[in-house]
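The structure that follows is given in the form of structure tokens.
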Amino acid sequence: MRALLEAMTRLSCRYAVVVVCLGCLLAMAGTWVFTARLSVVTDTDAMIDPSLPYRQAYASFQAAYPQLGDTLAVVIESDVPEMRQRALSSLSTRLQGDEVHFKSIYAPQALAFFQNNGLLFLDYGTLADRMDALIAAQPLLGPLLREPSLSLLLDGLAEAAEEGGQSANAGVIDSAIGDVARVSENVLAGRPDVLSLQGLLDQQDGGYMAILVVQPVLDPSRVQPAKEAIAALRAHIAEVQAQLPVRVDMSLTGKIALNAEELKSVTAGASVAGLLSLVLVTLVLYLGTRSVRAVLAMVFNLVVGLIATGAGALLIFGSLNIISVAFAVLFIGLGIDFAIHLLLRAREMAAHEPLASALEKAAGTSGLALALCAPTTALAFLSFTPTDYAGLSQLGVIAALGVFIALITSLTVLPALLVLLRIQPKPARSAAQSFAHTKPRLILMFAVFTLLPALYLAPHIPFSADPIALKDPSSPSVQAYQRLLAQDGFSPHVMHVMAQTPEQAGELAAQAKMLDGAHRAVWLGSFVPPEQGDKRDLIDETYFLLASDLLSVTIQPHVEEADAASAMDRLAKATGLAVFMQFKESAARRPELWGTLGKSLLNTVPDLRDTLKAQLTTTGVEPKDVPKSIVSRYRGTNGRYRLEILPANPLRTQENLAAFVDGVQKVFPTATGSPVQIVRSGQIVKGAMLQATLTALVLVSVFLLLILRSVLQVVLVLAPVVLAGIATLASAVLLGLSFNFANVIVLPLLLGLGVDAGIHYVRRAFESGDGHTLDTGSTGRAVLLSALTTIGSFGTLMVSSHAGTASMGQLLTLALFWLMTTTLIVLPALLALRVKRRGAAA
């Protein structure tokens, strides 16, 4: 091996121009491959082995209900229910006409079916309360429905206020006066506002929400297949918002929107981290070498290897995922180590050696250690390959490939560059004895003292299986998703159960209603309301009382300034609210304010009239009346019927989500859905992390034992790694960090990096026969410089807006800090203690 490495370097120095030209050609070819094939898969489900039973069950479900997958959700929110409904109806109509960008639209709250029959879906008690509120408000609303007039509205409120809250509609009147006061104040301030008459009847706390689900037309040739559809959807939303008198929030979320924004945050974060990593590594290299030419040579060598690794990754896998896209930062942190050790060892041998000869001998010494480090690091990365976590195994394969590419370029391209640039390595200066060498027992006692509490804390590090926690928390799609999660009846955590017949679906729904933690169970039969006869009687009675108001000749809202001023004056005196008198005085100077106020207060009268007409004239629902758009979502292409189980409470914690999944699957073992994917995938990844760590530890230990042929050397190499791993886990617990889908590679990576540093130290110590490896020669400085460049490289991941990538940077930086501490302090102390004991024995 030594002869082979020396020969590679010798030939590279002899034919330096050829080697550098070949390196440039490799970089250009790799750049073409990388730019032509680059794509990133952001779906976390795709990173788990698709052959697992729960994954196959979900795939079968998606095949039967294709309209439920690959969707965008528009979350429409407003404090004014009429504006929310207008936005929903207008957007739904526009999207249905855009067949170029959208395959299907599902907006149940915009369907005439629910607008006509919505009251029938309320339970009898709630319906009775709603009808009582409507009847109580009739003295105020009835005249408005017949003749929408500003003065009539203000006079009606003033008269009710003068009665002193004795009427049956006192609650509605108090709310109406408060809302009219708010609108009047906003009109004076020039802020758009409207009075919600529907809101007065509902008396709902908080805003109103509606959901529109759309299936976009995807372009698989694009890195972002839904890019054009999302752009078209945003344009439609902007046009709808421009037509409304007040602002209505309309946000995009759903799987496609989340993935699209995650792709942007991941790629942007990886690009920034990669560039910043290269800058920091360059700075550290200059501080460590004090040679601009040497730094340029190492950076060029690094870029060649990086491009070759990226191209190789795309040729092997065809695409990257949200974890493997961080390979560039990992390569920079790992690949530069080879160049550092080779250059500093050449410096050490350069007292009376020509450059080419020094490089050749460095390849035979440090290069041999590097040739041992490469497979150990690769084994650590490849430890995820036999697990079910396919997403991380991809990064492992790419990183392992990069390790060997970095080794080869460091022994060929780098020496050739150093020769062409005529860099004469400077001999390294001797260092004073380190504290680790002079006081080894004290250091080891402190290490043991620190290890005991760390051993207690380490097992308590949590694991987060929520894929949303990996995304950029500031992205609009994530924020909209979180609002959905908190809203009753809109939770995205839905479980699905399949039934063979409608009768069986009804039986399963009855069982599901009894489940703890279940809010409701919905199936096709749920769209035929129960007790329709009694409900229709109640609705008919209310309609009889309001028919004259609803069937009157439609009159457009109008404003008569003199009457409005008189009514406002009366209202100000009756309520004692200063805003009404202030408005009247301002309107005397600016008469146009009356028109603005009239539009704001009477804007929703037509909406209320149309809504009440539709709701109070319902003729009932039969199974044949259920729209096809609903039927297709509950009866699959395989003829089976879907039962939808919604959670009773927002599932904000992993414990609550797991309890919901376990509770449903205890009764319905074949239940599937996104909650199952999240919980079971988390279990798979957590198990993969433990399996990979143990596999890496065993493989690396066996490899070292075969190569070093010394149990003592293997123990010395692994000791600082084990200590660093325990310290990392304990520190993470204290800092509130957790494992997730992205950062579980930290422990195997720590093993690979730690073993590399240990090999250099132990090999040098046993070659020299003493324990002064930190105090003399280049090994200590090379390990320190490598550790600083690696920390600088991996630490840049923390700047990413993508939470998963940032968490990887946080945990890696913490792990590398402890690895540097144990390698530079604890390991030298162990080696020094060994030498002292051998000396005492002699």
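With a/c under 1.5 counting as rounded, go ahead and sort the range 788-827 into rounded, prolate or oblate using the C-alpha gyration tensor (a ≥ b ≥ c being the square roots of the eigenvalues; past the cut-off, prolate if a/b is larger than b/c, else oblate). Please report the intermediate quantities before stating the final value.
Details: a/c = 5.39, a/b = 2.50, b/c = 2.16.
In terms of gyration-tensor shape, prolate.
Classify the range 613-729 as rounded, prolate or oblate, taking a ≥ b ≥ c as the square roots of the eigenvalues of its Cα gyration tensor: rounded when a/c is under 1.5, otherwise prolate if a/b is larger than b/c and oblate if not.
Cα axes put the range 613-729 in the prolate bin.
What residue among Thr253, Leu188, Leu508 has its Cα farthest toward the positive end of the dipole of the chain, where the charges are +1 on Lys, Arg and -1 on Asp, Glu, each on the Cβ?
So the residue furthest toward the plus end is Thr253.
May I ask you to evaluate 6.51 cos²θ - 1.76 cosθ + 1.60, the Karplus curve with θ = phi - 60°, for each residue of the range 520-525 and list the ³J(HN,Hα) values in order in whole Hz, giving x for glycine and proline?
6, 10, 10, 9, 4, x
Not counting ligands, DNA or RNA, and with a 1.4 Å probe, what is His101's accessible surface area in Å² rounded to the nearest 10?
Taking all protein chains as shown, His101 has close to 50 Å².
Round to a whole number: what % of the accessible area of the chain belongs to carbon and sulfur, probe 1.4 Å?
60 percent
How would you classify the range 674-736 from its alpha-carbon gyration tensor, with a ≥ b ≥ c the square roots of the eigenvalues: rounded for a/c under 1.5, else prolate if a/b is greater than b/c, otherwise oblate? If you can, show how the numbers build up before the last one.
Values: a/c = 7.10, a/b = 1.76, b/c = 4.02.
Oblate.
Here is a follow-up. In deg cm²/dmol, rounded to 500, what helix-only [θ] at 222 nm does the chain give when every DSSP H run of at least 4 residues adds -39500 (n - 2.57) and the total is split over its residues?
Helix-only estimate at 222 nm: -22000 deg cm²/dmol.
If you don't mind, there's one more thing I want to ask. Among the listed pairs Lys513/Lys535; Lys103/Lys513; Lys573/Lys599; Lys103/Lys628, which have their C-alpha atoms separated by more than 26 angstrom in this model? Don't skip to the answer; put the middle values down first.
Values: Lys513/Lys535 22 Å; Lys103/Lys513 34 Å; Lys573/Lys599 23 Å; Lys103/Lys628 15 Å.
Too far apart for the 26 Å limit: Lys103/Lys513.
Would you pull out the residues with amide H under 5 Å of Ser39's amide H, same chain only if 5 or more places away, H placed 1.01 Å from N?
For Ser39, whose amide H was placed from the backbone, the distant partners under 5 Å are Leu320.
Quick one: 3J(HN,Hα) in Hz for the range 449-455, Karplus 6.51/-1.76/1.60 with θ = phi - 60°, rounded, Gly and Pro as x.
Each residue of the range 449-455 in turn: 4, 6, 5, 4, x, 5, 4 Hz.
So, for the chain, what is the accessible surface per residue at a probe of 1.4 Å, expressed in square angstrom?
Ligands and nucleic acids excluded, the result is 42 Å² per residue.
Quick query: amide H of Phe102 versus all other amide H atoms, modeled in the peptide plane; which residues come in under 5 Å with a sequence gap of 5 or more or a different chain?
Val217
What percent does the relative contact order of the range 86-237 come to when contacts are Cα pairs within less than 8 Å and at least six residues apart?
It comes to 37 percent, rounded to a whole number.
If you take the charge dipole of the chain about its Cα centre, with +1 on Lys and Arg Cβ and -1 on Asp and Glu Cβ, which of Val292, Thr693, Leu524 is farthest toward its positive end?
Projecting each Cα onto the dipole axis, the largest value belongs to Val292.
Let me check against my output: what whole-number percent is the relative contact order of the chain, with C-alpha pairs under 8 Å and at least 6 apart?
Once normalised by length, the contact order is 24 percent.
How large is the dipole of the chain about the Cα centre if only Lys and Arg carry +1 and Asp and Glu carry -1, each at its Cβ, rounded to the nearest 20 debye?
5620 debye
Now a separate question. Find the Cα radius of gyration of the chain, compare it with 2.2 N^0.38 Å by division, and give the number to two decimals.
1.25
Taking amide H positions as placed in the peptide plane 1.01 Å from N, state which residues far from Asn603 in sequence (5 or more) or on other chains have amide H under 5 Å from it.
For Asn603, whose amide H was placed from the backbone, the distant partners under 5 Å are Leu195.
Would you kindly find the accessible area of Glu239, with a 1.4 Å probe and non-protein molecules such as ligands, DNA and RNA excluded, rounding to the nearest 10 Å²?
Solvent-accessible area, nearest 10 Å²: 90 Å².
Bin all alpha-carbon pair distances of the range 28-115 at 10 Å intervals from 0 and give each bin's fraction as a whole percent.
12, 27, 24, 24, 10, 3, 0
Let me ask something else. Short version: ³J(HN,Hα) in whole Hz for each residue of the range 612-617, in order, from phi by Karplus 6.51 cos²θ - 1.76 cosθ + 1.60 (θ = phi - 60°), x for Gly and Pro, what are they?
So the Karplus estimates, Gly and Pro as x, are 5, 4, 5, 6, 8, 10 Hz.
Please report how far the C-alpha centroid of the range 243-291 lies from that of the range 5-28, rounded to the nearest whole angstrom.
Value for the Cα centre distance between the two parts: 36 Å.
What Kirkwood Rh does the range 599-672 have if only Cα atoms enter the pairwise 1/r average? Answer in Å.
Value: 17.0 Å, from the Cα pair sum.
With each pseudo-label sitting 7 Å past Cα toward Cβ, what's the Asp540-Asp129 distance in nm, one decimal?
That separation, rounded to one decimal, is 2.6 nm.
Further question on the same structure: Taking a probe of 1.4 angstrom, what is the accessible area of Cys13 in Å², to the nearest 10?
Solvent-accessible area, nearest 10 Å²: 20 Å².
Kirkwood hydrodynamic radius of the range 157-309 from all distinct Cα pairs, in Å?
Values: mean 1/r = 0.0450 Å⁻¹.
Mean inverse Cα-Cα distance, inverted, gives 22.2 Å.
The values are calculated or read from the model by the stated rules, or taken from the named source; none is laboratory data. The shown structure was predicted, so the numbers you read here are calculated from the model rather than taken from an experiment. Positions of Cβ are generated from backbone atoms using ideal geometry, with glycine treated the same way; all protein chains shown enter the neighbour counts. Side chains are part of the model used for accessible areas, which takes the heavy atoms of the whole protein and leaves out ligands, DNA and RNA. Shrake-Rupley method; radii C 1.70, N 1.55, O 1.52, S 1.80 Å.
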